[in-house]
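The values are calculated or read from the model by the stated rules, or taken from the named source; none is laboratory data. In this text the structure is predicted, and so the values were computed from the model without any measurement. Note that we place each Cβ from the backbone using ideal geometry, even for glycine, and neighbour counts take in every protein chain shown.
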Amino acid sequence: MNIQHLRKEYSAESLDIDQVDREPVQQFRAWFKEALTAELPEPNAMILATVNAANRPAARVVLLKGIEETGFTFYTNYDSHKGEDLDKHPVAALVFNWLELQRQVRIEGVVEKLSAEESTKYFQSRPKGSQIGAWASPQSQVIADRNILQENVDKLQEKYADQDTLPRPDHWGGFLVRPRMVEFWQGRPSRLHDRVRYLWSEDDQTWQIDRLAP
């Protein structure tokens, strides 16, 4: 296996700076809708990168759960590694990689917790098994074996046998990533890809849009 020779020519689409929406969230909505229409596997899967207390980066895949005018939302255990990272350094980077469309979106922004009401509303809309799972798993903590998780699940299933919804754990909820940089990448032939970047200006509260060299 020669990894050096693994390559693919991109020629599906183009991206012109004059054709994009003036607001990056609206441009993202348009691309996300195309990803849904194309029936891509889990188009809301995104890489979430954070910085820990030692200023070291960490990344993992999570699921986007909302596209708001103010940004992008996801949910997690606040006591997890990513939750602790965001508590110390409330900044994050997101990456969406839609290979079938030869597209990538990069987002960098500041992060804040969603309200308790928003988090509870979403939590109780999840399948009961997912609600139980959020209670049963001490996410990111070392455990002796999987039996611990199953024992926790069994106890919760018995406790809430007659209830369709569980109370939301205080340690579980949502985050909003408010974008300050968004880059849309479209693969093009000969690695001369199209890159359109939005940068937020705090001074005049507007988005500056530029084309970047690939």
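Right, D204: in a loop (DSSP other than H, G, I, E, B), without any contact (Cβ under 8 Å) to a residue 60 or more places away in the chain, among the charged types (D, E, K, R) and out of contact with any His (no Cβ under 9 Å at 6 or more places or on another chain) or not? Yes.
Candidates E183, E112, E117: the one that is farther than 30 Å from L199 by Cα and out of contact with any helix residue (DSSP H, G or I) (no Cβ under 8 Å at 6 or more places or on another chain) is E117. Answer with yes or no whether A161 is among the small types (G, A, S) and surrounded by 13 or more Cβ atoms within 10 Å (Cβ to Cβ). When the stated conditions are applied, A161 does not pass them. At least 1 residues being among the hydroxyl-bearing types (S, T, Y) and modelled with pLDDT of 95 or more is the threshold, and among the helices (runs of 4 or more DSSP H) wholly inside the range 55-151 those reaching it are 116-123, 128-136.
Among the residues of the range 30-48, just one is under 14 Å from V95 (Cα atoms) and among the charged types (D, E, K, R), namely E42. When you go through (1) in a strand (DSSP E or B); (2) under 22 Å from F32 (Cβ atoms) one by one for G173, which number turns out not to apply? That leaves (2) as the condition not met. The single condition among (1) out of contact with any strand residue (DSSP E or B) (no Cβ under 9 Å at 6 or more places or on another chain); (2) modelled with pLDDT under 95 that Y10 does not satisfy is (1).
Taking the criterion of being in a loop (DSSP other than H, G, I, E, B) and of a type outside the set (D, E, K, R), the residues of the range 176-201 that qualify are G187, L192, H193. Scanning the range 86-124 for residues that are among the aliphatic types (A, V, I, L, M) and under 18 Å from the mean Cα position of the chain (by Cα) turns up L86, V91, A92, A93, L94, V95, L99, V105, I107, V110, V111, L114.
Do the conditions hold for P189, that is, is it surrounded by fewer than 18 Cβ atoms within 10 Å (Cβ to Cβ), touching a residue at least 40 places away in the same chain (Cβ under 8 Å) and more than 26 Å from L64 (Cβ to Cβ)?
On the way: surrounded by fewer than 18 Cβ atoms within 10 Å (Cβ to Cβ): yes; touching a residue at least 40 places away in the same chain (Cβ under 8 Å): yes; more than 26 Å from L64 (Cβ to Cβ): yes.
Taking the combined requirement at face value, the residue satisfies it.
Do you know which of the residues in the range 1-40 that are outside any loop (DSSP other than H, G, I, E, B) and among the basic types (K, R) is farthest from R195 (Cα to Cα)? Per the stated criteria, the residue is K33.
Looking at this structure, is Q27 modelled with pLDDT under 95, farther than 22 Å from P90 by Cα and polar (S, T, N, Q)? No; evaluated as a whole, the condition is false for this residue.
A search for C-beta distances below 7 Å between a residue of the range 24-51 that is in the same structural domain as V105 (by TED's automatic domain parsing) and any residue that is surrounded by fewer than 17 Cβ atoms within 10 Å (Cβ to Cβ) and of a type in the set (D, E, K, R), counting only pairs 6+ apart in sequence or on different chains, returns V25/E69; Q27/D21; A30/D21; A38/E100; L40/E100; L48/R60.
Of all residues in the range 194-206, those satisfying the criterion of being in contact with a Leu (Cβ under 9 Å, 6 or more places away or on another chain) and surrounded by fewer than 19 Cβ atoms within 10 Å (Cβ to Cβ) are R195, R197.
Residues in the range 91-108 include at least one that is small (G, A, S), within 30 Å of A38 (Cα to Cα) and surrounded by 13 or more Cβ atoms within 10 Å (Cβ to Cβ). Taken over the range 141-186, the criterion of being touching a residue at least 40 places away in the same chain (Cβ under 8 Å) and among the β-branched types (V, I, T) is satisfied by T165, V177, V182.
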